[in-house]
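Asker: Below is one structure. I have some questions about it.
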């Protein structure tokens, strides 16, 4: 889990790593933390018991649990027992970062779990996307890029701003990665949604149905894959 700690610290969060459930519970009870990322199966310990103890103590700290593919059933059950969200291993850091940011915004906008702009709909909890009611497959970074556009719709976002939000780069690396991803989004979401403002960056606009391009994987809903 050290890569998570380093990644979250690099993203501006103050982290404290608890060595096991016995150390995590007092830290969570201290009211010094805004969010708990809890491994359901730390070696030799029961993360579910820790979650139960937290909720029995009436602690409302948001909790994101981490589990294995084999532990999905238990993780889903914890959604009824006090978990706010869960992810499975191997983890996609960009997706975890997005979920952490969503949970930390909870006190300010508790009802905002689905973002909509024109024909575009993003479910921040399930990481699912629809355009004009049709499901679209996005990678984790494509989802974060789309989320940035929706949150700042009708505003021009520079490549530097998008690099900072999605990739965590504070300085322009000279890479064309933003342009490549925007091109991919246009292909998946429809060519009329993201416009280029020459010399400045990109802007999300409300496209009309006849402006839509080709869609990807329109036969089913899928979570972002990485």
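All of the numbers you see were taken from the coordinates with simple rules; none came from a lab. For clarity, every value in this text was computed on a predicted model and none was experimentally measured. Neighbour counts run over all protein chains shown; Cβ positions are idealised from the backbone, glycine included.
Asker: Which order results if 202, 181 are arranged by neighbouring Cβ count within 10 Å, fewest first?
Answerer: With the fewest neighbours first, 202, 181 line up as 181, 202.
Asker: Between residue 175 and residue 16, take the C-beta separation as r, use R0 = 41 Å, and let me know the FRET efficiency to the nearest 0.05.
Answerer: So the FRET efficiency works out to roughly 0.75.
Asker: With each label point set 7 Å from Cα along the Cα-Cβ vector, what nm distance links residue 200 and residue 55?
Answerer: 4.8
Asker: Still on this model: As a footprinting exposure proxy, order 92, 183 by other Cβ within 10 Å, with the fewest listed first.
Answerer: 183, 92
Asker: If I stretch the segment between residue 88 and residue 30 completely, what's the gain in nm (0.36 nm per residue apart, minus their alpha carbon distance), one decimal?
Answerer: So the extension gain works out to 18.1 nm.
Asker: Tell me, 2, 11 in order of fewest to most beta-carbon neighbours within 10 Å?
Answerer: 2, 11
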